[in-house]
Amino acid sequence: MLTYEKLKKKPSRFLALTSLRVEEFDELLPSFETAWGADVERRSQAQPRQRKPGGGRKPTLKSLADKLLFILVYFKTYPSKKCKAVCLV
């Protein structure tokens, strides 16, 4: 699986997949952590929960760095539905 720890050791591949240098990613990460924490807090203050926190499937992307990496790679390589249909059929 693609992780931040593995990918940061290959700067040219990191740049190709995210359009950011590792240093730029490291500068962006604290802002993402703040925004992620604020969103988690906002959702916890919303409607009362039907189930206890922690139920359901455990996350595959455990670190916030991996989550941010996934978002950046996804938005850079986002294939449209038509592209997916052509490539996967």
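The values are calculated or read from the model by the stated rules, or taken from the named source; none is laboratory data. Because the structure is predicted, anything quoted here is derived from the model rather than measured. Counting neighbours? That spans all protein chains shown, and the Cβs are built from the backbone with ideal geometry, glycine included.
Scanning region 37-64 for residues that are assigned to a loop (DSSP other than H, G, I, E, B) and more than 29 Å from GLU5 (Cα to Cα) turns up GLN45, ALA46, GLN47, PRO48, ARG49, GLN50, ARG51, LYS52. Residues considered: LEU2, LEU29, LEU15. Of these, the only one that is assigned to a loop (DSSP other than H, G, I, E, B) and either surrounded by 11 or more Cβ atoms within 10 Å (Cβ to Cβ) or of a type in the set (A, V, I, L, M) (or both) is LEU2.
Note on region 31-80: residues that are closer than 18 Å to ARG13 by Cα and aromatic (Phe, Trp, Tyr) amount to 4. Quick check: is even one residue across region 63-77 of a type in the set (D, E, K, R), surrounded by 10 or more Cβ atoms within 10 Å (Cβ to Cβ), without any contact (Cβ under 8 Å) to a residue 40 or more places away in the chain and more than 21 Å from GLU23 (Cβ to Cβ)? No, the conditions are met nowhere in region 63-77.
Of all residues assigned to region 39-62, at least one qualifies as being surrounded by 10 or more Cβ atoms within 10 Å (Cβ to Cβ), touching a Phe, Trp or Tyr at 6+ places or on another chain (Cβ under 8 Å) and at pLDDT below 95.
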